[in-house]
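To keep things clear, I will list the structure first and then write my remarks on it.
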Amino acid sequence: MNLAALTRIVVCVVSLISAAVIATSGAVASNAPSAGPLTVCHAGSLLAAFVQVEKAFTVLHPDVTLKDVSGGSVSLARRLATGRAPCDVYASADYLDIDQLLKPAKLADYTVLFASGRMVLAYLATDAKAMRLPVTGDFNPPASIPEVAPNWYQTLLAPGVLIGGAHPFLDPGGYRSHLIFELAQAFYKAPDLYNSLLEHYTVIPPDSTNPAGAPALGKEFSFQFSYEHSAAATAKRSSSYRYARLPDRIDLSTVDNDRSYAQASVTIPGLGLPGSKPSASIPGSRAAWGLTVLKNSPNQESATSFVDLVLGPVGAAALNANGPTPISPAIVSAGDYAHLPKSTQALVTTKQGSR
């Protein structure tokens with residue numbers, strides 16, 4: 001099924017929900033979550049999909065005010081942990097942020113893996129420095145995506161070439177770039193490749209108040225590691241945007257390589273809460289998005305309803321249309337399963353080895 005068809009499905013689902021609510025307004029009102037503001041905090045890589053889910057939610061629950069907060073997953077975790085930002089539903093670009101940051105701080109009881117993806121190397125066809133990148137295959141997404149040649153990293157090490165990315169202490173997209181550096185060193189058996197690539201890495205300031213003056217691909221830096229669904233969306237808007245796939249041993253794309261990915265790790269500062277660990281070690285793993293409802297959320301019923309919508313057909317259609325790829329059914333650990341609301345338990349699996 002193509003993207004246009006999937007998008008039409010989401011629109012139809014929202015329309016059907018709207019019609020059902022109008023036709024049975026009394027019944028919906030009697031069973032709806034109690035009124036109150038619901039804050040959904042999510043990774044920027046989920047924005048397009050979550051906008052569609054949020055539209056469906058507001059049709060189902062017109063009495064609930066929904067606030068959308070998007071940003072770097074680790075940055076959001078720090079803000080909600082210190083009380084600087086309210087949050088009911090937290091959806092991270094890396095499920096391990098919940099396991100390694102929120103759970104030890106007793107802010108969450110469970111982690112649901114609900115989507116997956118891969119990292120790709122993005123660049124512009126108009127950038128002379130990037131055009132030196134050796135790739136095989138034509139760029140005609142989604143039918144054809146080029147793959148990097150074995151010596152691709154040498155182009156990134158050329159004088160004056162910069163790799164742009166998020167700060168690893170604030171965003172999984174940032175620390176996943178560092179994990180790729182470490183995995184590439186081991187995969188290609190290239191001594192000191194990690195440090196050499198790190199010297200070419202430049203941090204893109206988050207949430208720039210002046211987008212026109214923000215560092216840009218093809219100008220201030222020539223390459224960027226990106227989630228494939230985000231890169232595909234950008235390529236549709238820009239005729240010069242390109243991306244290439246990396247070997248699956250380093251692109252964080254498959255659960256079958258998790259043992260290999262875990263040989264790399266990054267250490268980031270902890271949440272800084274009393275009793276919490278001063279740092280957190282994040283091992284490499286497949287790129288999987290996770291979500292949870294915060295334990296201190298005053299809107300448990302509404303938050304659970306939103307999570308169930310993400311894990312159901314509406315969420316699957318929105319993710320299929322926009323990315324990342326839904327994990328269906330979603331996955332939780334056997335230990336976390338007992339902490340899930342009954343309605344959510346019906347939407348997940350505890351299949352061993354899936355995480």
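Can you confirm whether S253 is open to solvent by 20 Å² or more (accessible area, probe 1.4 Å), without any contact (Cβ under 8 Å) to a residue 40 or more places away in the chain and of a type outside the set (V, I, T)?
no
Checking the condition at negative phi, β-branched (V, I, T), in contact (Cβ under 8 Å) with a residue 24 or more places away in the chain and open to solvent by less than 30 Å² (accessible area, probe 1.4 Å), which residue from T292, T325 passes? Exactly one of T292, T325 is at negative phi, β-branched (V, I, T), in contact (Cβ under 8 Å) with a residue 24 or more places away in the chain and open to solvent by less than 30 Å² (accessible area, probe 1.4 Å), namely T292.
Taking the conditions exactly as written (open to solvent by 20 Å² or more (accessible area, probe 1.4 Å), over 30 Å from L340 (Cβ atoms) and in contact with a strand residue (DSSP E or B) (Cβ under 8 Å, 6 or more places away or on another chain)), does I163 satisfy them or not?
No; evaluated as a whole, the condition is false for this residue.
Of note, L319 does not satisfy the criterion of being in contact with a Leu (Cβ under 7 Å, 6 or more places away or on another chain) and open to solvent by less than 70 Å² (accessible area, probe 1.4 Å).
Of the candidates D68, D109, D63, D97, the single residue that is surrounded by 22 or more Cβ atoms within 10 Å (Cβ to Cβ) and charged (D, E, K, R) is D97. Within the range 215-237, the only residue that satisfies the criterion of being small (G, A, S) and without any contact (Cβ under 8 Å) to a residue 40 or more places away in the chain is A216. Put simply, of A186, A158 the only residue that is more than 24 Å from the chain's Cα centre (by Cα), assigned to a helix (DSSP H, G or I) and among the aliphatic types (A, V, I, L, M) is A186. Evaluation of A287 against the conditions (1) modelled with pLDDT under 95; (2) of a type outside the set (V, I, T); (3) open to solvent by less than 20 Å² (accessible area, probe 1.4 Å) shows that the sole unmet condition is (1). Against the test of being at pLDDT 95 or above, open to solvent by 50 Å² or more (accessible area, probe 1.4 Å), in contact with a helix residue (DSSP H, G or I) (Cβ under 9 Å, 6 or more places away or on another chain) and within 19 Å of T234 (Cα to Cα), the options F169, F139 yield a single qualifying residue, F139.
Scanning the range 216-258 for residues that are in a strand (DSSP E or B) and either closer than 17 Å to S45 by Cα or among the basic types (K, R) (or both) returns Q224, F225, S226, Y227, R242, Y243, R245.
The values are calculated or read from the model by the stated rules, or taken from the named source; none is laboratory data. The structure displayed is predicted, hence computed values, not measured ones. We place every Cβ from the backbone using ideal geometry, glycine too, and count neighbours over all the protein chains shown. Areas reflect the complete protein model, heavy atoms only, side chains present, ligands, DNA and RNA absent. Shrake-Rupley method; radii C 1.70, N 1.55, O 1.52, S 1.80 Å.
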